[in-house]
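Scroll down for the structure; my scribbles are underneath it.
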Amino acid sequence: MMSASRTLRKAVDIEGFGVHSGKPVRLRMRPSGEGKIVFRRTDLGGAELIPAPELAETPSSTVLQGGHFRIGTVEHLLASLWAAGVGSCLIELDAEEVPVLDGSALPFVRALETAGTEELAMPRTARRIAEGFTVSDGDAWVKFEPSAGDGPESLTLSYTIVYDHPKIGRQSREVDLTWPEFAREIAPARTFGFLKDVERLRRLGLALGSSYGNTVVLSEADVVNPPLRFPDEFVRHKLLDLAGDLALLGRPLIGRVSAHKAGHRLHLEALRRLIRWGTH
């Protein structure tokens, strides 16, 4: 399946700070006719990195490693660009981490709507899941399946999470990755974490920029900073993370991807398997 690559109509700026580094960061998305997403570290003399699964690491979010430098927490931004069909964009930032903003992808959606998008005169070939397979780790798994013979030429994502917490429990959701569905149902879902884990994470140098303003925080029995944006905001955020990790493909994907109790590490392990054997 061929589709036109898209870029931005105009540049758009975003400022915030990294959820793990805690450092301030200025980010600018620019139009590009190169036919690819490129990250550029303006604080490192313009060092550039093109997102790809083999460059991704997952200590606690998706981090791209480019030799002597890193770009962290890329998943929410990449998910937004992927859902919008933007395959050509220059992303400049002056720190090591994409800003967390409110913990969701909604600010990136709004920035893309402000910038607008337009088609480029270059085709982009979608990857199609050729055969089904599952990558598992204990009772966690990610499954890739081809579209049914009469199914749509699109990507369907589904996710199930299970937490021993009264405000989460078992949650499942399925979404077709179209721009309207993503912007309305998935992008607003914020990252979440548990109060009991905060000190341990900060001792590891993580979550230094996390706050009640960018993270849904859970105590042993409740949400510390309500209200939730959706009753099932937790599983919707997992769908957002999955979309961001799949966006490392660099082009559209056709088929169905299901995940159960997975996370960034398993997403990327399955994605690398898909690239080696599972598409045409």
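Just so you know, all these numbers are worked out from the coordinates, no wet-lab data involved. Bear in mind the structure is a predicted one, so any value in this text is a computation, not a measurement. FYI the Cβ positions are ideal-geometry reconstructions off the backbone, even for glycines, and counts take in every protein chain you see.
Would you grab the residues whose amide H sits under 5 Å from the one on LYS36? Only those 5+ places off in sequence or on another chain, please, with H modelled 1.01 Å from N.
It is CYS89, by chain and number.
Where is the GNM fluctuation largest for the chain (alpha-carbon springs, 10 angstrom cutoff): ARG40, ARG127, ARG229?
Evaluated over the chain, the most mobile residue of the options is ARG229.
For region 30-152, build the convex hull from the C-alpha positions and give me its volume per residue in Å³. It would help to have the intermediate numbers written out before the result.
Details: hull volume 19.7 nm³, N = 123.
Convex hull of Cα atoms, per residue: 160 Å³.
Please order TRP82, TRP277, TRP141 by the number of other Cβ within 10 Å, starting at the fewest.
Details: TRP82 25, TRP277 10, TRP141 17.
With the sparsest Cβ surroundings first, the list reads TRP277, TRP141, TRP82.
At 7 Å along Cα-to-Cβ for each site, give me the label-to-label distance between GLU54 and ALA221 in nm.
5.3
Could you work out how far the C-alpha centroid of region 81-143 sits from that of region 19-44, in angstrom?
That distance is 14 Å.
Rg(Cα) of region 175-253 divided by 2.2 N^0.38 Å? Each step should come with its number before you reach the end.
Working: Rg = 14.5 Å, N = 79, 2.2 N^0.38 = 11.6 Å.
Expressed relative to 2.2 N^0.38 Å, the Cα Rg reads 1.25.
If I model a spin label at SER136 and LEU208 as a point 7 Å from the Cα along the Cα→Cβ vector, what separation in nanometres do I get?
Output for this residue pair reads 4.0 nm.
Under a straight-distance cross-link criterion of Cα-Cα below 17 Å, which lysines are reachable from LYS238, leaving out those fewer than 8 residues away in the same chain?
LYS143, LYS167, LYS261
Points 7 angstrom from Cα along the Cβ direction at GLU174 and GLU34: gap in nanometres?
3.9
Rounded to the nearest 0.05, what FRET efficiency is calculated for ARG251 and LEU201 with R0 set to 35 Å and r the Cβ-Cβ distance? It would help to have the intermediate numbers written out before the result.
Numbers: r = 34 Å, r/R0 = 0.98.
Calculated transfer efficiency: 0.55.
Taking the chain as a Gaussian network, where each spring joins two C-alpha atoms under 10 Å apart, which residue of SER154, SER88, SER32 fluctuates the most?
SER154
Stokes-Einstein diffusion coefficient for the chain at 25 °C in a medium of 0.890 mPa s, Rh from the Kirkwood formula over Cα pairs: what value in µm²/s? Present the calculation step by step, with values, prior to reporting the outcome.
Working: Rh = 19.0 Å.
Here the translational diffusion coefficient equals 129 µm²/s.
Stretch MET122-ASP13 to full length: gain in nm at 0.36 nm per residue minus the Cα-Cα span? Spell out each step's value before the answer.
Working: separation 109, 0.36 × 109 = 39.24 nm, distance 2.59 nm.
Residue separation times 0.36 nm, minus the Cα-Cα distance, leaves 36.6 nm.
Which order results if LYS238, LYS23 are arranged by neighbouring Cβ count within 10 Å, fewest first?
Working: LYS238 25, LYS23 14.
Going from sparsest to densest Cβ surroundings: LYS23, LYS238.
Where does region 127-278 land on Rg(C-alpha)/(2.2 N^0.38 Å)? Could you put the intermediate results ahead of the total?
Numbers: Rg = 16.4 Å, N = 152, 2.2 N^0.38 = 14.8 Å.
Ratio of Rg to 2.2 N^0.38 Å for region 127-278: 1.10.
Run the numbers for ASP102 and ARG229: contour at 0.36 nm per residue of separation, minus the present Cα-Cα distance, in nm.
Details: separation 127, 0.36 × 127 = 45.72 nm, distance 1.20 nm.
Length gained, ASP102 through ARG229: 44.5 nm.
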